[in-house]
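Worksheet for the structure shown next.
Any read-out appearing in this document is the output of simple, stated calculations on the displayed coordinates, not a laboratory observation. Everything quoted here is computed from the prediction, not taken from an experiment. Ideal geometry is used to build each Cβ from the backbone, glycine not excepted, and the neighbour counts take in all protein chains shown.
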């Protein structure tokens, strides 16, 4: 199946892929969580990953910024291969933003400080400049007025938007989203998705683990379906939803749509 | 005029003095009995104590007159106050430790608001410590040199506690981080250190520092006895701090580490900026408990013949003139310990409150 995927993508663009995952495996002790994952992501491409819980989709994107270690195969991000080399890992993380299911804002810092900590300490941006940058991205996620509050004082939807802005402040080349809306109350999901759609339209390279099929249909270039640690099917959203090839995909889609 | 709902007052039995007494002292059979028993006990004890401590007491007499009085003999303190506080420090030079202590306490009070902590305050502290050291040790600027073996009483207690707390806290944090480390050698070193230290009593450590340690030094090399006791206290306290801090680190949500890492922060930045500020805050109450114990445990240096304030008190009581007045003398020392420990406890609560307010104010918009 892997050779098929490569063939299918090659004509789409001649750029070197910004993320390459080649024959990647991962185990938790004896449990084989990821099996022979092959994936190429091009610059500005938007990919939505879906699949039942426990299928390894979060683990896969967490491997891309080395929050999880893979045991076999290769992951190359922005030209850097992920190995045990800490410097390389830090370099990759600087270029890859990540948004978590539970926001993971720093509760002891104000919103503004949450946003400036990365630029100031990793990018060595002067404080004043970092604050201007932070305010710029708070405008983009539409909550500049919350800058001096603490994360505990704002709603979940606002917190998730702050988390997106925090990643953007690092000016990443790639954004990973790990179920960004699944911990949110229904009325807050839209405000977060709107921000993500804006971001997609700006041309950000995005990998989104999500069950928001509406979002997948609007912004995704490709939808990937995972089950039992494997990539079962990948296709453009139109084909994926209207004409799923694989039995397991059909079953999954019938359950969530 | 009809009363609206807002104007209805709570029933009289629930408010005011009577309401309070009912609710808090006579709320049911058990609490009524408890109240009466405690009251009866207080009535028996308190007037007697007041009679002894204040009415029949003598304050500025000789030990002879004390033996004739029926009440408390506070003279044991007033007549020996300088020896009690300064011990064997040369009599004419005792103004020096006095000023050193005033500087120390003044500096602590001045620095209590941590929003004022900055580089400048750091330099002021360095200067203050230098002045205190100069005052205690002398040998410069026309001050007579006083060997550290003569340092005793309250200055010694404060010295051992202050540096004990100051050095053991960061050392404990480093040990806790080491114990969590992925590097096996560092990790096992920290585990062995922590478990070994926690496996022996402080007295043993003090003995080892004063008796055994010099045996390992080359001939002619000596290390100050106070310094050795100080080191033992620091090493001992740090092991306990380390375990408490480890608890705080374990209480941290894994997501905090992941968020910090995914921003590209390196290990030290992550710990310093994200993890430790939160983890150390969680463990303020047990940490202060350990620091207070450390303060009180400095009194164990009596075992290696250092004269801290408890030991100077004891030596006063061995003089024939003052034997038999241990109650009074120990009450005095207890008060000094109490004031110090209570201040530490209050200060920690102040810090906790400030941090609490910072991160958990209810939403207001």
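Give the order of A:169, B:66 when sorted by the count of other beta carbons within 10 angstrom, beginning with the fewest.
B:66, A:169
Could you please rank B:82, A:161, B:120, placing first whichever residue has the fewest other Cβ atoms within 10 Å of its Cβ?
Arranged by neighbour count, lowest to highest, B:82, A:161, B:120 become B:120, B:82, A:161.
Assuming R0 = 56 Å, what is the FRET efficiency of residue B:174 and residue B:43, from their Cβ-Cβ distance, to the nearest 0.05?
Calculated transfer efficiency: 0.55.
Percent antiparallel among DSSP beta bridges with both residues in region A:112-257, to the nearest 5?
Just about 50 percent of them are antiparallel.
So if R0 is 41 Å, what FRET efficiency would residue B:148 and residue B:251 give, r being the distance between their Cβ atoms, rounded to the nearest 0.05?
Working: r = 41 Å, r/R0 = 1.01.
So the FRET efficiency works out to roughly 0.50.
Going by how many other Cβ atoms sit within 10 Å of their own, how do B:322, B:117 line up, fewest first?
Result, fewest neighbours first: B:117, B:322.
In nm, to one decimal, how far is the residue A:139 label point from the residue A:251 one, both placed 7 Å along Cα→Cβ?
About 5.1 nm separates the two model spin labels.
Label point 7 Å out from residue A:127 along Cα-to-Cβ: which residues of region B:273-288 have amide N under 17 Å?
B:273-274
Starting with the highest mean, order B:106-114, A:236-244 by the number of other Cβ atoms within 10 Å, averaged over the residues of each peptide.
Highest to lowest by the protection proxy: A:236-244, B:106-114.
In the protein assembly as shown, what percentage of the DSSP-assigned beta bridges are antiparallel, given to the nearest 5?
Given both bridge residues lie in the protein assembly as shown, the antiparallel proportion sits at roughly 50 percent.
I'd like to compare B:232-238, B:19-25: which one has the highest average count of other Cβ atoms within 10 Å, and what's the full order after that? Numbers along the way, then the final one.
Details: B:232-238: 23.6, B:19-25: 12.6.
Ranking, from highest mean packing down: B:232-238, B:19-25.
For region B:197-283, what percent of Cα pairs sit more than 17 Å apart?
Details: 2292 of 3741 pairs.
In whole percent, the share of Cα-Cα pairs in region B:197-283 beyond 17 Å is 61.
Sticking with the crude label model, points 7 Å out along Cα→Cβ, report the distance from residue B:25 to residue B:82 in nm, one decimal please.
The modelled label-to-label distance comes out at 4.9 nm.
Starting from one equal scatterer on each C-alpha and no solvent at all, send me the Debye-based log10 I(q)/I(0) for region B:130-180 at q = 0.17, 0.31 Å⁻¹, two decimals.
-0.64, -1.12
Quick check: pseudo-label points 7 Å beyond the Cα along Cα→Cβ at residue A:202 and residue B:352, how many nm apart are they?
4.3
Mind checking B:249-262 for the average number of partner chain beta-carbons within 10 Å of each residue's beta-carbon?
What the average comes to for B:249-262 is 5.
Partner chain Cβ atoms within 10 Å, averaged over the residues of A:102-115 - can you pull that number for me?
4
May I ask you to derive the FRET efficiency for residue B:119 and residue B:68 from their Cβ-Cβ distance with R0 = 45 Å, giving the value to the nearest 0.05?
The computed FRET efficiency comes out at 0.15.
Using helices alone, I'd like the mean residue ellipticity at 222 nm for the protein assembly as shown: each DSSP H run of four-plus residues gives -39500 (n - 2.57), total over residue count, nearest 500.
Numbers: 27 runs with 339 residues, N = 622.
Calculated from helices alone, the mean residue ellipticity at 222 nm is -17000 deg cm²/dmol.
Starting from the eigenvalues of the Cα gyration tensor, five times each then square-rooted, give me the equivalent ellipsoid semi-axes of the protein assembly as shown, largest first, whole Å.
64, 34, 22
State the antiparallel share, in %, of DSSP beta bridges confined to chain A, rounding to the nearest 5. Display every interim value, and only then the final one.
Working: 19 of 36 bridges.
So the antiparallel bridges amount to about 55 percent of the total.
How many angstrom separate the Cα center of region B:150-222 from the Cα center of region A:130-149?
47
If only Cα atoms are counted, what is the Rg of region B:93-161, and what is its Dmax, in Å?
13.0, 39
What does a probe at residue B:53 reach in region B:326-355, counting residues whose amide N is under 11 Å from the point 7 Å along Cα→Cβ?
B:331-332, B:335
So how do B:169-176, B:26-33 stack up, highest first, on mean other-Cβ count within 10 Å?
Highest to lowest by the protection proxy: B:169-176, B:26-33.
Between 0 and 90 degrees, rounded to the nearest ten: what's the tilt of helix A:127-140 against the longest Cα principal axis of chain A?
60
In peptide B:267-275, what is the residue-averaged number of other protein chain Cβ atoms found within 10 Å of each Cβ? Display every interim value, and only then the final one.
Values: counts 2, 1, 5, 2, 0, 1, 7, 5, 1.
Mean partner-chain Cβ count within 10 Å for B:267-275: 3.
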